[in-house]
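One structure is given here, and the rest of the page talks about it.
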Amino acid sequence: MNIFKSTVAAAALLSIAPLAQAQFAETKSLTMDGARRVIDAAVAAANNKKTTGVIAVVDNGGNLMALERIDGTFAAGANISIGKARTALLFQKPTKVFEDIVNKGRTAMVALDGFTPLQGGVPVSVDGQIVGAVGVSGAASAQQDEELAMAGAKAFESGPPPVSYFPKDQVKAAFAKGSVLFDHSDKYMVHASRREQSGMSEIHTKDADIVYVLDGIATLVTGGTAVNSKPIAADEFRGERIDGGETRLLSKGDVIIIPAGVPHWFKEVTNPFLYYVVKAR
């Protein structure tokens, strides 16, 4: 999996002559996988500190690549984090440097276009070359903004992706409303699912559902034919019900694996019915 890419300006000209080769520089920039790795490291740091924040990642041209807003972060954090990331990238320095300069009296700097001199923006480097930048806004303090940004920027120093940790209060809150717990991988996601009534038939053409029942009882129908099934998103279909199929009664402690493409339908549920779902892609 590539985490950064090499680009060569006017690559065709490089083959013309050695002289042409001296006129162009090879640069590296983050790929989407690399940007997600930065986001994951910053989110993991936020979870460990039990804080909020919006994390923005830009490439080596200052273009936004990825944005993650942790639940509970104020809305303006998104634009501020993007501004911090772009400032760190374009000036190739942590934004705390410029906040300190402004605080010392050089207030004219705030007139610069697209300039966000607030602590929390850090360049991302690979092999000594800046490949992008990360900005964070909305943590408990400006110092924490920078700490989360630094954790993201150091993602490539640690080798493997960071471990994701979810404190029990965060997990409890996710089950209270039924929400995604983890979705920072192209291989899997984890959903803290909650059902209070029967649902529609579902077909996920690319995701296999690995279900562990935490609490409650439900009647699940798998296979058969989904009635009036319609696409609601890429690789996702919903229908009224399932005709035929196999019916099972699920209860606390049960595990069931539903392969990709298999119709399934929660025909009846207790209130509430809580279950972990790992979607393997």
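The values are calculated or read from the model by the stated rules, or taken from the named source; none is laboratory data. Computed from a prediction, not measured in an experiment: that's the story for all the values here. FYI the Cβ positions are ideal-geometry reconstructions off the backbone, even for glycines, and counts take in every protein chain you see.
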*What do you reckon, is Val131 touching a Phe, Trp or Tyr at 6+ places or on another chain (Cβ under 9 Å) and of a type in the set (Val, Ile, Thr)?*
yes
_So in the range 179-197, with the set limited to residues that are buried (at least 16 other Cβ atoms within 10 Å of the Cβ) and not hydrophobic (A, V, I, L, M, F, W, C), which one is nearest to Asp209 (Cα to Cα)?_
His191
*How many residues does the range 212-258 hold that are touching an Asp or Glu at 6+ places or on another chain (Cβ under 7 Å) and of a type in the set (Ser, Thr, Tyr)?*
3
*Determine whether Leu220 is within 30 Å of Met32 (Cβ to Cβ) and surrounded by 18 or more Cβ atoms within 10 Å (Cβ to Cβ).*
no
*Would you call Gly105 surrounded by fewer than 19 Cβ atoms within 10 Å (Cβ to Cβ) and either free of Cβ contacts under 8 Å to residues at least 24 places away in the same chain or of a type in the set (Gly, Ala, Ser) (or both)?*
yes
*asked:* Of the conditions (1) surrounded by 17 or more Cβ atoms within 10 Å (Cβ to Cβ); (2) farther than 16 Å from Met150 by Cβ; (3) in contact with a helix residue (DSSP H, G or I) (Cβ under 7 Å, 6 or more places away or on another chain), Gly62 satisfies every one except a single condition; which number is it?
replied: (1)
*Which ones in the range 242-270 are touching a residue at least 40 places away in the same chain (Cβ under 8 Å), surrounded by fewer than 18 Cβ atoms within 10 Å (Cβ to Cβ) and part of a strand (DSSP E or B)?*
Val255, Ile256, Ile257, Lys267, Glu268
*What number of residues within the range 183-220 are farther than 26 Å from Ala41 by Cβ, within 27 Å of the chain's Cα centre (by Cα) and in a strand (DSSP E or B)?*
12
_Take residues that are modelled with pLDDT of 90 or more and tell me which of the strands (runs of 3 or more DSSP E) falling wholly in the range 1-98 contain 2 or more._
54-59, 64-69
*Look through Ala151, Ala140, Ala108, Ala133 and report the one residue that is in the same structural domain as Asn48 (by TED's automatic domain parsing), part of a strand (DSSP E or B) and not hydroxyl-bearing (Ser, Thr, Tyr).*
Ala133
